[in-house]
Every structure is written in structure tokens, then in C-alpha cells.
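Here is the structure we will look at.
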Amino acid sequence: MSNVPTAYAETDLAHLTLDAARQLFQANNKELTSARRMVQGAEANAITASQKPNPSLSVGVSSFNLNRSAGNRNQNGSNSLSDQTLNSSVQVSQWIERGDKRELRMASAKNAIKASNYDLKDAERQLLLSFNDAYYDLVLAQETEKILASNRASYEKAIQAAELRLKVGDIAASDVARMRVDLLKIQNDIRQAKANREKAQANLAYMMGQENEAARLYAQDGWPALSQAVSTVQDVDARPDVLAADARTRQAEENQRLANALKTRDVNIALQYQRFPGQMPGSDTNTIGAAITIPLFTNYEYQGEIAKAEVDLTSALEAKQQARASAVSEISRARADLNAALEKVNRFDTQILTEAQKAADAAEFAYNHGATGITDLLDARRILRSIQLDAATAHADYAKALAAWQAAIKTEDYQN
């Protein structure tokens with residue numbers, strides 16, 4: 001049975017928008033599902049932590065007479081089961097925790113759930129970044145194929161015209177041969193572009209849980225719109241990875257208190273009913289009793305557990321500082337990458353592509369009118385093709401940098 005929700009089961013993979021792909025990612029990504037299981041595990045541990053110790057029931061029989069001839073007869077001579085001189089007892093005992101151990105366990109488990117939920121949010125943040133990269137890798141592969149296919153069509157048309165000119169002796173045979181060589185190179189590039197597109201389809205399909213439908217994927221959305229403004233104010237402490245580290249610090253604090261609470265003695269209280277027919281004249285057959293058990297810390301006072309809890313707390317504090325520093329660094333890198341990518345795209349779109357197209361058109365005109373040779377024409381075409389591919393790559397870099405920036409500044413609601 002498919003795990004794709006009904007709402008997304010009919011997604012048109014051949015015209016896949018970014019939003020539709022993201023919905024499939026949220027529903028089917030395997031790593032994200034695994035992260036959700038970690039939250040469920042933490043919630044199960046919280047149920048265990050909140051439980052009180054169960055009482056114990058003990059049933060016993062003693063005072064069997066090994067003298068078979070005498071048996072276990074009572075003083076009145078009766079040998080019925082109820083009158084035999086067997087000491088039978090029933091005891092119920094209850095272990096009572098002191099020092100707020102249960103409350104401390106529950107507090108620790110609550111913070112563990114918080115940390116797991118924030119871990120899930122952080123895993124989603126990072127996986128969504130990988131998903132966006134995979135989507136735009138497919139867009140780039142498709143754009144590359146389009147550019148190369150357009151260049152191939154132009155070369156094929158130019159070769160047809162050149163062959164007609166060759167028949168009338170207007171151009172040299174070497175010119176036509178060089179055009180055919182360039183066309184063959186483009187065909188090789190197209191084959192490699194197809195392989196890159198198939199790999200991009202496979203990567204995106206895996207991210208969405210659609211491995212068997214990879215060949216159908218076609219990214220419908222183009223490049224994201226350019227944004228000129230990048231915010232410089234970010235709440236680092238509200239990032240999910242920093243919040244997870246903070247929750248684990250609180251958990252470590254509760255565990256330290258719990259370790260110190262081990263020095264508070266727990267007690268075991270027991271109530272007993274005893275039946276002992278004929279134990280002595282004048283004694284009642286049925287008796288009750290009570291007992292209390294208190295541990296004596298004569299050899300060990302949980303020094304190891306307390307020391308371990310203190311080390312764990314120190315490690316949690318250091319991990320929190322590291323998570324915050326890493327977040328600040330990631331945001332700075334993402335901002336720098338985004339600004340650089342934005343400048344590159346603007347330069348390609350407003351200047352480089354325009355000038356390259358003008359140069360290629362001028363070379364075409366000059367060659368057709370005999371003002372220049374085939375070398376200048378082919379060079380101009382190669383430069384234009386290279387710049388077109390570089391421009392597409394620049395757009396992909398910008399799309400990925402924008403996704404990385406959005407992931408870096410992603411925050412969650414802070415819950416104490």
C-alpha cells in the first residue's frame with residue numbers, strides 16, 4: 001500500500017511544481033520519517049519515567065515436617081490441610097521513592113521530548129535544503145538540455161545553408177567540416193546533459209519517495225525571483241538546533257538533580273498476613289505484621305552517578321554554545337553566498353548575456369558577408385553557448401543560496 005497521502009496521490013509528476021514536490025517530500029521522505037520516530041521514542045520514554053514503582057506480592061509456605069510418620073499434625077491430632085502446622089504467609093510490599101525522584105524523571109523526560117521535537121524541526125530544515133538543491137539541480141539540467149538543443153538546431157540549420165554555399169563554391173569545404181565537428185561536440189554535451197538530468201531526477205525522486213517514477217519527473221517551476229534585500233537581523237536563539245541544545249541542557253540539569261536525589265533514601269514498606277496453626281498453645285492461628293526496609297549507605301553513596309551527571313551537564317552547556325556559534329557562522333556564510341550569487345545573476349542578466357549575444361550576431365553577419373573567417377564565427381558561438389550555460393548555473397547557484405539563507409534563518413516558537 002502506498003504511503004502517499006490521498007491529497008498528493010494524483011500529483012502530476014510530469015509538471016511538478018516546487019510546492020507539490022515539497023508536499024511529497026513532507027509526506028514520504030524516509031529520513032524525515034525516521035526523525036519522527038525519534039520523537040515517538042522520546043514520548044514513550046516519558047510514559048516510563050512518569051510511572052511509580054509497582055507493589056510486590058509474596059506468597060510462601062514453610063515449616064514442613066521432615067518426619068513422614070509424624071507429618072504436620074496439629075496438637076489436636078488433625079491432619080487436614082487447613083489444620084496442618086504449616087507456616088503460610090502472604091505479603092504485599094511497596095517501594096516508596098523519596099527526594100522527588102519521579103518528578104525529576106518526568107521533568108527530564110519532558111525536556112527530552114522538547115529536544116526531540118526541535119531535532120525533528122532541524123532535520124526537516126536541513127533535509128528541506130537538500131530537497132531544494134535537488135529540485136533546482138533538475139531545473140538546471142533541464143535548462144542545460146534546452147540551451148544545448150537550441151544550439152544544435154542552430155548548427156544544423158547553419159550546416160544546411162553552408163552545404164548549399166559549398167556547392168556553388170562560396171565557402172571552403174574545411175569550413176563545413178569545422179561546423180560538423182562543433183555539432184558533434186554539442187551532441188556529446190547533450191548526451192552528458194541527459195545523464196545529468198536523469199541523475200537529478202533520481203535524486204529528487206528519492207527525496208520525495210517516488211523512486212519508481214523518477215523518469216517522469218519534470219520540474220515545472222523556473223528560477224526564483226531575485227530579491228534585492230537581505231535581512232541582517234536574525235534570532236539565532238530561536239533556531240531549532242539551538243533550541244534543541246537548550247532543551248538538552250535543561251534535561252542535563254534535571255538529571256543532575258536526579259543523581260543528587262539518589263542520596264535520599266528510598267524505603268520499602270511491607271504488610272504481611274500469616275497463618276500458622278498450632279504454633280503454640282494460646283496463640284492465634286492468624287497473625288499480621290509489618291516491616292520497613294531502609295538502605296544503609298555504608299559502602300557507596302552514588303558518587304559515580306553524581307559525577308557522571310555533572311560531566312553530562314558540562315557537555316550539554318558546551319554543546320549549546322557550539323550550536324549557537326555554528327548557527328551564527330552558518331547565517332554569515334549563507335548571507336555572503338546569497339549576496340555574491342545575486343550580484344552574479346544580475347551581471348549575467350543585464351550585461352554579459354546581452355553583450356555575448358551581440359558579439360555572436362555580429363560574427364554571424366560578418367561571416368555571411370565574407371568579412372571574417374569561420375574561426376571567428378565558431379569562437380563567437382562557443383562563447384555564447386558557454387555564457388548561456390554559465391548564466392543558467394548562476395541562476396541555480398542563486399536559487400540554492402536563497403534556499404540556504406532561508407534555512408539558516410528559520411526559527412521556531414520558543415517554549416519554556
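The values are calculated or read from the model by the stated rules, or taken from the named source; none is laboratory data. Everything quoted here is computed from the prediction, not taken from an experiment. Reconstructed Cβ throughout: ideal geometry from the backbone, glycine too, with neighbour counts over all protein chains shown. Just the protein is used for accessible areas: all its heavy atoms, side chains included, with ligands, DNA and RNA removed. Shrake-Rupley method; radii C 1.70, N 1.55, O 1.52, S 1.80 Å.
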Note, ³J(HN,Hα) from phi for segment 313-328, Karplus 6.51, -1.76, 1.60, rounded to Hz, x at Gly and Pro: 5, 4, 5, 5, 5, 5, 5, 5, 4, 5, 4, 5, 4, 5, 5, 4
Here the net charge surrounding Gln303, from other residues whose Cβ is less than 12 Å away from its Cβ (Lys, Arg +1; Asp, Glu -1), is -1
Work out the charge dipole of segment 139-257 with +1 on the Cβ of Lys and Arg and -1 on the Cβ of Asp and Glu about the Cα centre, then indicate which of Gly209, Ala252, Ile171 is farthest towards its positive end. Ile171
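Go through 195-203, 104-112 and give me the packing order, highest mean Cβ count within 10 Å leading. It would help to have the intermediate numbers written out before the result.
Details: 195-203: 17.7, 104-112: 20.2.
The packing order, highest mean first, is 104-112, 195-203.
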From the backbone phi of segment 267-274, what are the Karplus-calculated ³J(HN,Hα) couplings (6.51 cos²θ - 1.76 cosθ + 1.60, θ = phi - 60°) in whole Hz, Gly and Pro given as x? 10, 10, 10, 10, 10, 9, 10, 10
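Which of the three applies to segment 352-416, rounded, prolate or oblate, going by the alpha-carbon gyration tensor with a ≥ b ≥ c and a/c under 1.5 meaning rounded?
Working: a/c = 10.14, a/b = 5.68, b/c = 1.78.
In terms of gyration-tensor shape, prolate.
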Surrounding net charge for Ala319, when Lys and Arg each add one and Asp and Glu each subtract one, Cβ distance under 11 Å: -1
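So, for the chain, what is the accessible surface per residue at a probe of 1.4 Å, expressed in square angstrom?
On the way: 23710 Å² over 416 residues.
Here the residues of the chain average 57 Å² of exposed surface.
Computing the accessible area with a 1.4 Å probe over protein heavy atoms, can you report the carbon and sulfur percentage for the chain?
Numbers: 12270 of 23710 Å².
Exposed carbon and sulfur together represent 52 percent of the surface.
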Tell me, what is a quarter of the convex hull surface for the C-alpha atoms of the chain, in nm² with one decimal? 36.7 nm²
Take the chain, connect every pair of alpha-carbon atoms lying under 10 Å apart with a spring to form a Gaussian network, then pick out the residue of Ser93, Ser62, Ser150 with the largest mean-square fluctuation. Ser62
What size of dipole, in debye to the nearest 20, comes out for the chain about its Cα centre when the only charges are +1 on Lys and Arg C-beta atoms and -1 on Asp and Glu C-beta atoms? 1080 debye
What Rg and what Dmax come out for segment 152-228 when only alpha-carbon atoms are used, in angstroms? 20.0, 60
Could you go through segment 146-156 in sequence order and give the Karplus-derived ³J(HN,Hα) for each residue, using 6.51 cos²θ - 1.76 cosθ + 1.60 with θ = phi - 60°, rounded to whole Hz, and x for Gly and Pro? 5, 4, 5, 5, 5, 5, 4, 4, 5, 5, 4
Pick from Pro55, Pro240, Pro277: which is most flexible by mean-square fluctuation in a GNM of the chain where alpha carbon atoms under 10 Å apart are linked? Pro277
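Using a Förster radius of 30 Å, what is the FRET efficiency between His15 and Ala340 based on their Cβ-Cβ separation? Nearest 0.05, please.
Numbers: r = 32 Å, r/R0 = 1.08.
Efficiency at R0 = 30 Å is approximately 0.40.
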Asserting the computed 222 nm helical MRE of the chain (DSSP H runs at least 4 long, -39500 (n - 2.57) per run, divided by residue count, to nearest 500) equals -22000 deg cm²/dmol
Given the pairs Lys30/Lys320; Lys199/Lys358; Lys110/Lys410; Lys114/Lys344, which span a C-alpha to C-alpha distance of over 31 angstrom in this model? Lys199/Lys358; Lys114/Lys344
